[in-house]
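To keep things clear, I will list the structure first and then write my remarks on it.
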Amino acid sequence: MEIKITLLPGDGIGPEVVAEGVKILKTIGQKFGHNFKFSEALAGGIAIDQTGNPLPDESLAMCQQADAVLLGAVGGPKWSDPSAKVRPEQGLLRLRKELGLFANIRPVKVYPALADASTLKREVVEKVDLVIVRELTGGLYFGKPQGRQDNAQGRAAVDTMYYTEGEIRRLMRVSFELARQRRKKITSVDKANVLASSRLWREVAHEVATEYPDVAYEDILVDSCSMFLIRRPADFDVVATENMFGDILSDEASMLVGSMGMLPSASLAEGKFGLYEPIHGSAPDIAGKGIANPLATILSVAMMLRTTFNLSQEADTIEQAVEAILAAGHRTADLATPGQPKISTTAMGDLVAEALKA
Ligand code: NAD
């Protein structure tokens, strides 16, 4: 089959890691007989420099016509002046909105060979294999009213946490479907003891749970969840939550793994369409040096194959190759312990590609 993928390499290390993701897709295409067609579009700072717009209409159209999108990262000091009229992040927000990407999926898996890279003790993190599913287009970041409401008493501001049952139901369904492919356990995170929107969240989550009697379900308050993610992270399987709680918890959970360079993500729309990207940013401090870790992008490619294209065997093969390469002791600079040899971005990509061919 022909599979159309739009690439948005973006800024900083974005193009360096996306090139390795493409290398892996081409290798998978040859091995399993798939025909990947790539087209590249501008997004982020580079798009501002060339067109004045962080997401030109042409780039958006190319994403809308694709079966899936692979993004590197956008942003950097050159475009980060807060008073600037256009900023790279605006392009990302527009992309999420226009593509209807409502579910952000972030797996956090600790590879045995890297358990010592975490700041937590090996025995706490070594069996961690969880996924955070974050609602991405509702809640506090989008609710109205929002903004300054200065009045006679002084300065004031408001944000609104607003959810409809439809938004909650579709997010919970994505989470339950994911749990079915994993260890069949869901933790729904809310603040139902205080927030009305969380009480609705819990009500709807319970209704959806009745459609999935084979999946074990629990509710947990967001404050307890943040504690348990540090105390007993290996107990979690799928963690489903609203936008802001997910924003905070997913960054907390990412620190269970030693490096940002290891963590993939997917943002899904209704149906199978998705945008896949490493969770890290453009890492301007190491951009252009050829030392960025491409594994987060390579693992994002594996998520794309499994989730959007139902190619589980291909995805498993990539994940097993990554695990074997780490077990054999190969490390990019971000993963190396003192004295351990460090390999380049392209060398790491080559090793994964070679392991796939074997
Ligand atoms: P960052 O993730 O770019 O970097 C944080 C630290 O992690 C840096 O020391 C960096 O060198 C290291 N790092 C990140 N990815 C790595 C990799 N693959 N291999 C090795 N080391 C890696 O976060 P930041 O420095 O806060 O942000 C830099 C820029 O990226 C900012 O402009 C920010 O707005 C942007 N950003 C973009 C996205 C995105 O495109 N989705 C996400 C986060 C940040």
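The values are calculated or read from the model by the stated rules, or taken from the named source; none is laboratory data. Treat the numbers as computed from the prediction; the structure is a model and nothing was measured. No Cβ is skipped: glycine too gets one built from the backbone with ideal geometry, and neighbour counts run over all protein chains shown. Note: accessible area is taken over every heavy atom of the protein model, side chains too, but ligands, DNA and RNA are not part of it. Shrake-Rupley method; radii C 1.70, N 1.55, O 1.52, S 1.80 Å.
Tally time: how many residues in region 177-215 are hydrophobic (A, V, I, L, M, F, W, C) and either part of a helix (DSSP H, G or I) or open to solvent by 80 Å² or more (accessible area, probe 1.4 Å) (or both)? Walk me through it before giving the result.
To start, the set of residues in region 177-215 that are hydrophobic (A, V, I, L, M, F, W, C) comprises 178-179, 186, 189, 192, 194-196, 200-201, 204-205, 208-209, 215.
Next, only the ones that are either part of a helix (DSSP H, G or I) or open to solvent by 80 Å² or more (accessible area, probe 1.4 Å) (or both) stay: 178-179, 194, 196, 200-201, 204-205, 208-209.
Looking only at that region, the number is 10.
Take residue 309 and decide whether it is under 21 Å from residue 190 (Cα atoms) and either open to solvent by less than 40 Å² (accessible area, probe 1.4 Å) or in the same structural domain as residue 192 (by TED's automatic domain parsing) (or both).
On the way: under 21 Å from residue 190 (Cα atoms): no; either open to solvent by less than 40 Å² (accessible area, probe 1.4 Å) or in the same structural domain as residue 192 (by TED's automatic domain parsing) (or both): yes.
No.
Being surrounded by fewer than 24 Cβ atoms within 10 Å (Cβ to Cβ) and near the ligand (Cβ under 9 Å from one of its atoms) is the filter; apply it to region 65-77 and report the residue that is farthest from residue 2 (Cα to Cα).
In this case the residue turns out to be 77.
Would you mind finding the one in 283, 287, 292 that is at pLDDT 95 or above, within 10 Å of the ligand (Cβ to nearest atom), among the small types (Gly, Ala, Ser) and open to solvent by less than 10 Å² (accessible area, probe 1.4 Å)?
Result of the check over 283, 287, 292: 292.
What residue, among those in region 233-267 that are within 10 Å of the chain's Cα centre (by Cα) and not polar (S, T, N, Q), is nearest to the ligand (Cβ to nearest atom)?
Checked region 233-267; the qualifying residue nearest to the ligand (Cβ to nearest atom) is 263.
Among the listed residues 292, 302, identify the single one that is over 14 Å from the mean Cα position of the chain (by Cα) and aliphatic (A, V, I, L, M).
Checking each option against the conditions leaves just 292.
Does residue 132 meet the test of being open to solvent by less than 10 Å² (accessible area, probe 1.4 Å) and of a type in the set (A, V, I, L, M)? Quick ask: steps written out before the conclusion?
Values: open to solvent by less than 10 Å² (accessible area, probe 1.4 Å): yes; of a type in the set (A, V, I, L, M): yes.
Yes; evaluated as a whole, the condition is true for this residue.
From 298, 248, 230, which residue is open to solvent by 50 Å² or more (accessible area, probe 1.4 Å), in contact (Cβ under 8 Å) with a residue 12 or more places away in the chain and touching an Asp or Glu at 6+ places or on another chain (Cβ under 8 Å)?
230
Of all residues in region 31-45, how many are crowded, with 18+ Cβ neighbours inside 10 Å and either among the charged types (D, E, K, R) or within 12 Å of the ligand (Cβ to nearest atom) (or both)?
The qualifying residues number 3.
Out of the residues in region 80-97 meeting the condition of being open to solvent by 70 Å² or more (accessible area, probe 1.4 Å) and among the basic types (Lys, Arg), tell me which one is farthest from residue 11 (Cα to Cα).
Here the answer is 97.
To keep it simple, each residue is scored yes or no on (1) assigned by TED's automatic domain parsing to the domain that holds residue 94; (2) modelled with pLDDT of 95 or more.
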site	(1), (2)
249	no, yes
302	yes, yes
316	yes, yes
335	yes, no
346	yes, yes
349	yes, yes
354	yes, yes
